[in-house]
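Contents: one structure, followed by commentary.
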């Protein structure tokens, strides 16, 4: 037998269920997991219409954290607003 571990591939709903089993107060939602999938933040294996994600990849991502996207400056008539110092 191989010494490799089988990846724990789950759907978004089952990832949330596993996280809540590990931590009942977990605030991660199925919507957030689906966003990660849509943005390509975690590798996905497609099984028909099901997106399967490795649970360990999600846990690693949650431990590392993510960056907030930079807000685009508001432009009105070619003039952009500057942040006050």
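The values are calculated or read from the model by the stated rules, or taken from the named source; none is laboratory data. Being a predicted model, the structure only gives us computed values, none of them experimental. Glycine also receives a Cβ, built like all others from the backbone with ideal geometry; neighbour counts cover every protein chain displayed.
Key figures
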quantity	calculated
Residue 13 being in contact with a helix residue (DSSP H, G or I) (Cβ under 8 Å, 6 or more places away or on another chain), part of a helix (DSSP H, G or I) and on the phi < 0 side of the Ramachandran plot	yes
Qualifying residue in the range 67-83 (condition: in a loop (DSSP other than H, G, I, E, B) and either in contact with a helix residue (DSSP H, G or I) (Cβ under 9 Å, 6 or more places away or on another chain) or modelled with pLDDT of 95 or more (or both))	no
Some residue of the range 20-40 being part of a helix (DSSP H, G or I), surrounded by 15 or more Cβ atoms within 10 Å (Cβ to Cβ) and over 11 Å from the mean Cα position of the chain (by Cα)	no
